[in-house]
1. Name the most mobile residue of 36, 55, 21, meaning the one with the largest mean-square fluctuation, in a Gaussian network model of the chain with Cα contacts below 10 Å.
2. Which FRET efficiency value, to the nearest 0.05, do you get for residue 95 and residue 53 by plugging their Cβ-Cβ distance into 1/(1 + (r/R0)^6) with R0 = 25 Å?
3. Going by the alpha-carbon gyration tensor, a ≥ b ≥ c the square roots of its eigenvalues, is the chain rounded (a/c under 1.5) or, if a/c is not under 1.5, prolate (a/b greater than b/c) versus oblate?
4. Angle, helix 76-93 long axis vs. longest principal axis of the chain, Cα atoms, 0 to 90°, nearest 10?
5. What nm value, rounded to one decimal, do you get for the distance between residue 44 and residue 75 when each label is placed 7 Å out toward the C-beta?
6. For segment 23-73, which GluC sites (Glu not before Pro) are both in a DSSP coil and crowded by at most 11 other Cβ atoms within 10 Å?
7. For helix 43-67, report the angle its Cα long axis makes with the longest principal axis of the Cα atoms of the chain; keep it between 0 and 90° and round to the nearest 10°.
8. At 222 nm, what helix-only mean residue ellipticity would the chain give, in deg cm²/dmol to the nearest 500, using -39500 (n - 2.57) for each DSSP H run of four or more?
Amino acid sequence: SRAAGGNAVDQLRACMRVYADIVMQPFGMCLIRVGDEEVPEPSRTELRRMKSEIDQAFRRLVAQGVEEGALEPCDPKMTAFVIAGALSWIGRWYQPGGGCTPEQIIEQSIG
């Protein structure tokens, strides 16, 4: 997210775009639809660590956005859950070769 540069909202948007793209890839869609409980160890532990890092990045960027005055005051934890939940849901309904490309979905949902 920091590599995207800009303010916290720009970085958050970049992070959201990457996350949305991941959940539309075959492995990401599978993970969203099946859940990490089905992933064998030690991969499950690594996957959960990565998910935690994503959650922490969303929380940090939301908190920074509030501090910068670019976002309304909110609970960063709850907001991160809402963001990740909404973006994860794309992996449930997205169909490769359907009406929209991943980039079109990202543009429509994130901008």
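Laboratory data are not the source of any read-out in this text; all were calculated from the coordinates shown. Predicted model only: the values in this text are computed from it and were never measured. With ideal geometry, Cβ positions are generated from the backbone for all residues, glycine too; neighbour counts draw on all protein chains shown.
1. 36
2. After rounding, the FRET efficiency stands at 0.30.
3. Oblate, because a/c is 1.5 or more while a/b does not exceed b/c.
4. With rounding to tens, the tilt is 30 degrees.
5. So the two model labels end up 2.8 nm from each other.
6. Answer in residue order: 68.
7. So the helix axis and the longest Cα principal axis differ by about 20 degrees.
8. -22500 deg cm²/dmol
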